[in-house]
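The next block holds one structure in the form of structure tokens; read it before the comments.
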Ligand code: SF4
Ligand code: MG
């Protein structure tokens with residue numbers, strides 16, 4: 001299957017006074033065309049930094065993409081200059097975030113903000129862009145689109161603003177939509193509506209989605225393929241049904257055990273005892289070993305590598321390493 005984007009051995013570090021934090025550590029995955037890939041994990045596991053790295057939004061000098069390749073339409077995004085990247089961003093790759101307010105301009109009318117990428121990337125005239133903006137507002141399920149186009153962000157609810165962000169994101173028919181916790185700030189009814197809408201848009205436009213979330217309910221509803229991250233690394237990945245029915249990694253099993261309660265954030269609900277390790281103090285080991293009930297001695301001194309354990313399922317855990325018997 002062709003890929004929308006392919007990430008190969010990506011590492012992104014942040015430099016602090018106390019040392020380097022490996023926020024993303026040797027991560028590889030792909031988003032096949034027309035599919036939704038979800039990255040799931042607790043906050044601080046590196047899922048957002050992965051998205052920022054793809055978009056070229058990791059801020060130097062504190063943060064830096066150390067190595068890797070990001071193949072998008074035959075080009076390595078990491079090799080592009082700022083100008084070329086800007087022409088892809090918001091055009092061929094669009095992004096939506098948890099807080100729509102942080103991406104919208106508070107003193108600019110909604111309609112003008114939707115028109116902007118149409119004028120810049122698609123070279124539409126103002127009149128064409130206005131017409132298209134109205135259509136887009138309708139497409140994301142908002143009534144009275146003309147009136148909404150003439151409103152300012154503070155006049156709209158959080159759910160409406162996220163719809164507007166989606167309208168802006170899809171305005172240039174992106175090949176890939178990266179959505180970082182797009183429904184986390186919304187109540188559960190609105191969340192469901194927005195997810196439904198994203199699914200419809202994906203189906204009708206054959207766009208691919210990279211969806212970042214801590215919420216397994218969202219994963220279950222949206223994902224074709226799931227990537228589980230922990231402390232900057234992928235610990236397990238697989239097709240959604242396989243992963244939910246037959247999780248392999250003790251961390252994934254723990255996540256699936258903590259039942260999401262409607263309208264509460266999963267971060268508060270994890271039943272896995274313990275905490276993620278201090279990113280400044282990662283030793284050669286399985287990073288999950290402090291919290292793992294099945295921890296063996298090898299887990300404390302050697303890092304397990306991600307390896308295939310079935311069709312399309314991979315896990316990084318010594319329990320599945322044949323070599324463990326020989327160590
Ligand atoms: Fe647990 Fe060891 Fe597997 Fe890590 S490698 S998840 S510590 S069994
Ligand atoms: Mg995040």
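Only one of the numbered conditions (1) farther than 21 Å from residue 283 by Cα; (2) surrounded by 17 or more Cβ atoms within 10 Å (Cβ to Cβ); (3) within 15 Å of ligand 2 (Cβ to nearest atom) is not met by residue 12, and that is (1). Only residues that are more than 17 Å from the chain's Cα centre (by Cα), free of Cβ contacts under 8 Å to residues at least 40 places away in the same chain and farther than 18 Å from residue 116 by Cβ were counted across segment 150-185, and they come to 4. Of all residues in segment 42-54, those satisfying the criterion of being surrounded by 24 or more Cβ atoms within 10 Å (Cβ to Cβ) and assigned to a loop (DSSP other than H, G, I, E, B) are 45, 46. When segment 15-34 is filtered for residues that are in a loop (DSSP other than H, G, I, E, B) and surrounded by 20 or more Cβ atoms within 10 Å (Cβ to Cβ), nothing remains. Residues of segment 293-318 that are within 10 Å of ligand 1 (Cβ to nearest atom) and either in a loop (DSSP other than H, G, I, E, B) or in contact (Cβ under 8 Å) with a residue 24 or more places away in the chain (or both): 293, 294, 295, 296, 298, 302, 303, 304, 315, 316, 317, 318. Residues in segment 277-292 that are closer than 10 Å to residue 231 by Cβ and touching a residue at least 40 places away in the same chain (Cβ under 8 Å): 277, 279, 282, 287, 288. Among the residues of segment 144-181, the one identified as within 16 Å of ligand 2 (Cβ to nearest atom) and either exposed (fewer than 15 other Cβ atoms within 10 Å of the Cβ) or assigned to a loop (DSSP other than H, G, I, E, B) (or both) is 181.
Read-outs: derived from the displayed coordinates by stated rules, not from any lab. The structure displayed is predicted, hence computed values, not measured ones. FYI the Cβ positions are ideal-geometry reconstructions off the backbone, even for glycines, and counts take in every protein chain you see.
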